[in-house]
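**Q** Please see the structure below; I have some questions.
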Amino acid sequence: MPLFEVAIIQKLTKKEAEEGTGSEKLVFGPKFCLARDGQAAAISALLNDAPKEKIDMARCEVLVRPFA
């Protein structure tokens, strides 16, 4: 199985972006996992190493890349 790297970045709210306050935040990872494909890697990483804080997934971007 291939090796993947998974991370989650929390984006700014519309208000924060307009005001120029705050910044994007790394809320999970990077974590490495073995999986069949990128989608399975994201699910596996999140299930095995759940983030300690509550995450608003509507504001998040899940990044998955093959590690080669």
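**Q** Is there any pair with a first residue in segment 41-68 that is over 10 Å from Phe28 (Cβ atoms) and a second that is in a loop (DSSP other than H, G, I, E, B) and not basic (Lys, Arg) whose Cβ atoms are under 6 Å apart and which are 6 or more apart or on different chains, and what are they?
**A** Listed by first residue and then by second, the contacts come to Ala41/Ala35; Ser44/Ala35; Pro66/Pro2.
**Q** Another question about this same structure. Give me the residue from segment 19-54 that is hydrophobic (A, V, I, L, M, F, W, C) and within 10 Å of the chain's Cα centre (by Cα) and, out of that set, nearest to Ala7 (Cα to Cα).
**A** Here the residue is Phe28.
**Q** Do the conditions hold for Ala58, that is, is it part of a loop (DSSP other than H, G, I, E, B), surrounded by fewer than 11 Cβ atoms within 10 Å (Cβ to Cβ) and on the phi < 0 side of the Ramachandran plot?
**A** Values: part of a loop (DSSP other than H, G, I, E, B): no; surrounded by fewer than 11 Cβ atoms within 10 Å (Cβ to Cβ): yes; on the phi < 0 side of the Ramachandran plot: yes.
So Ala58 does not fit the description; no.
**Q** Residues being more than 14 Å from Asn48 (Cβ to Cβ), of a type in the set (A, V, I, L, M) and not in a loop (DSSP other than H, G, I, E, B): count how many of those fall in segment 9-34.
**A** Summing the residues that are more than 14 Å from Asn48 (Cβ to Cβ), of a type in the set (A, V, I, L, M) and not in a loop (DSSP other than H, G, I, E, B) in segment 9-34 gives 4.
**Q** Go through segment 8-42 and report how many residues are touching a Gly at 6+ places or on another chain (Cβ under 8 Å) and of a type in the set (Asp, Glu).
**A** Qualifying residue count for the region: 1.
**Q** Also: Being part of a loop (DSSP other than H, G, I, E, B) and among the acidic types (Asp, Glu) narrows it down to one of Glu5, Glu53, so name that one.
**A** Result: Glu53 is the single residue among Glu5, Glu53 that is part of a loop (DSSP other than H, G, I, E, B) and among the acidic types (Asp, Glu).
This table checks each residue for (1) modelled with pLDDT of 90 or more; (2) touching a strand residue (DSSP E or B) at 6+ places or on another chain (Cβ under 9 Å).
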site	(1), (2)
Gly22	no, no
Cys33	yes, yes
Ala40	yes, yes
Asn48	no, yes
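The values are calculated or read from the model by the stated rules, or taken from the named source; none is laboratory data. What you are looking at is a predicted structure, and each value in this text was computed from that prediction instead of being measured. Methodologically, a virtual Cβ is constructed for each residue, glycine included, from the backbone with ideal geometry; neighbour enumeration extends over all protein chains shown.
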